[in-house]
Amino acid sequence: MIPAPVTRAVLFVDLSGSTRLYETIGDERALVVVERSLTMLARVCEDCGGRVIKNTGDGAMCMFETADAALRASRLMQEKTEEQQEPGLPSLGIHIGCHFGPVLERAGDLYGDAVNLAARVAGVAKV
C-alpha cells in the first residue's frame, strides 16, 4: 500500500571540500572531521524540528514540517560549518537544496517531485 502524501520541506545538505581534505590530511583524520561535521548537521536539523531521513555519503537528506524550519536549519548549518573550521586544514563548506511540497515516506525514505527538486537545487547550489 502506498502511503498518502504529506506536505513537507525536504532539505539536502552536502559537504564540499571533503575530497581535498582526505587528500591533504589522510583518511583517518579526514574521516574524524567529516563525521564531526555530519553529526553537527544532524544536531542542527533536530534542534530545528527536523529529522535526518538518511545520510548521502558526505551529506544528508532531512525533512521538516515547515519551510521556515528548514530555512532556519539551513542558516544555522552554514553558521556552524564556518565555526567548525580548523586553522591549517582545508576548509569545508556546505551547499544546500530545499523544496516544500508533497512527499511520500516509505521504508525510511522519501519520494516525490519535492524530493527530486530539492536534490537538483542542492546540485547547483554554491558553497
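The values are calculated or read from the model by the stated rules, or taken from the named source; none is laboratory data. Note that the structure is predicted; figures quoted are calculated from it, not measured. Don't worry about glycine lacking a Cβ; one is built from the backbone with ideal geometry, like all the others, and counts go over all protein chains shown. SASA here: full protein model, heavy atoms, side chains in, ligands and nucleic acids out. Shrake-Rupley method; radii C 1.70, N 1.55, O 1.52, S 1.80 Å.
Of all residue pairs spaced 6 or more apart or on separate chains, those with beta-carbon atoms under 9 Å, a first member in segment 26-44 that is more than 16 Å from Gly93 (Cα to Cα) and a second member that is modelled with pLDDT of 95 or more are Arg43/Lys80. Is it the case, given these coordinates, that Cys62 is part of a strand (DSSP E or B) and in contact (Cβ under 8 Å) with a residue 60 or more places away in the chain? So Cys62 fails the test.
Whenever a residue of segment 76-87 is closer than 15 Å to Thr39 by Cα, its partners that are open to solvent by 60 Å² or more (accessible area, probe 1.4 Å) and modelled with pLDDT under 90, lying with C-beta atoms within less than 8 angstrom and at least six residues away or across chains, give the pairs Gln85/Ser91.
Taken over segment 73-120, the criterion of being open to solvent by 40 Å² or more (accessible area, probe 1.4 Å), under 21 Å from Thr19 (Cα atoms) and more than 14 Å from the chain's Cα centre (by Cα) is satisfied by Glu82, Glu83, Gln84, Gln85, Glu86, Pro87, Gly88, Ser91. When restricted to residues that are among the small types (Gly, Ala, Ser) and not in a loop (DSSP other than H, G, I, E, B), segment 69-127 contains 12.
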